[in-house]
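Have a look at the structure below, then the notes.
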Amino acid sequence: MEIGLYIIMFVLGACLGSFLCCQARRLRLRDTQKGKRRKKPLGSRSVCLHCRKQLKWYDNLPIASWLILRGKCRYCHKKIGLAEILSELGTGLAFIAVAFGFGQLISSTSIIAIFRSADIINIASFAITLIFALTLIFLAIYDGLYGELPSLCLTLSIICAIITLTLRTWASLSVSPFAPDLIVQPLLATLILGGLYLALYLISKGKWVGDGDWLLGTAIALALGTPWLALITLFLANLTACLVMYPIVKSKRTHKIHFGPFLVIAFFITYAFAHFFTIMI
């Protein structure tokens, strides 16, 4: 049954990843075409970005359509790009990470136990965490494509993180008395991730990191809730950025690193294995 749930989570995530990638492109198109005549209404069905041909429903199947068409448009045969399939695969894996990690953090067993217990607070917390995950993925897609982090989505991510932290704290207070660590640890985590990137931004005047990275780091830190998990996320984000971007930066020394996607990837890894990291610490 648990494997079936993870399969459902992956399929749901892949479908939503395709939707988020499409919405990221439409948002960019809307912003760049302000005051101009649009070639196609933003609310219409999906079209090829090259030939503007309207796509059939079977051309929009997550992952499968990209593989069947070999990453090319059915009509003009131009490359679709990697953003679509990476968004679909990434969101599917992210949903599995959230389901696995949430179950481990709450019950140390599985996500199935949470739904069987019918605990309203934990179920609401899981739902908000999924919304938070979608917000992070959208930010990662947009930053990866265009090197920007939309302020509205950053604000939404922080709100979701605060709600997630509040629900988790409320659940913990139902089984144990209040302790100062419930407040101190999220603040330290925020100082590590959000504070560090804010300092880097101010010192470099935006040359090292963007003005939205510290807000993204703040949202992730609040969602994790502990300084140790924030440190692990910071380490993983920098490690993945170095491994992925080093060949590109080496060949193109002027290439600017978009750090948002690496922060998001590091968050999902840390979140999925937070229980094991906590035991090791």
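The values are calculated or read from the model by the stated rules, or taken from the named source; none is laboratory data. What you see is a predicted model; the values in this text were computed from it and never measured. For neighbour counting, all protein chains shown are included, and Cβ atoms are generated from backbone atoms with ideal geometry for every residue, glycine included.
Listed here are the residues, each with its yes/no results for (1) surrounded by fewer than 21 Cβ atoms within 10 Å (Cβ to Cβ); (2) part of a helix (DSSP H, G or I).
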position: Ile183; (1), (2): yes, yes
position: Leu188; (1), (2): yes, yes
position: Leu191; (1), (2): yes, yes
position: Ile203; (1), (2): yes, yes
position: Gly210; (1), (2): no, no
position: Leu216; (1), (2): no, yes
position: Ala223; (1), (2): no, yes
position: Leu229; (1), (2): no, yes
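Name the pairs whose Cβ atoms lie under 6 Å apart, with the first residue in the range 210-228 and farther than 15 Å from Thr278 by Cα, the second outside any helix (DSSP H, G or I) and aliphatic (A, V, I, L, M), and 6 or more positions between them or separate chains?
Qualifying pairs under 6 Å: Gly212/Leu149.
So, of the residues in the range 229-252 that are modelled with pLDDT of 90 or more and in contact with a Phe, Trp or Tyr (Cβ under 7 Å, 6 or more places away or on another chain), which turns out to be farthest from Ile183 (Cα to Cα)?
Thr240
Has the range 157-172 got any residue that is over 15 Å from Leu224 (Cβ atoms), buried (at least 21 other Cβ atoms within 10 Å of the Cβ), among the small types (Gly, Ala, Ser) and within 18 Å of the chain's Cα centre (by Cα)?
no
If you check Ala199 against the conditions, is it hydrophobic (A, V, I, L, M, F, W, C), modelled with pLDDT under 90 and surrounded by fewer than 20 Cβ atoms within 10 Å (Cβ to Cβ)?
no
Which of the residues that make up the range 139-166 are among the small types (Gly, Ala, Ser) and either modelled with pLDDT of 95 or more or in a helix (DSSP H, G or I) (or both)?
Answer for the range 139-166, where residues must be among the small types (Gly, Ala, Ser) and either modelled with pLDDT of 95 or more or in a helix (DSSP H, G or I) (or both): Ala140, Gly144, Ser151, Ser157, Ala161.
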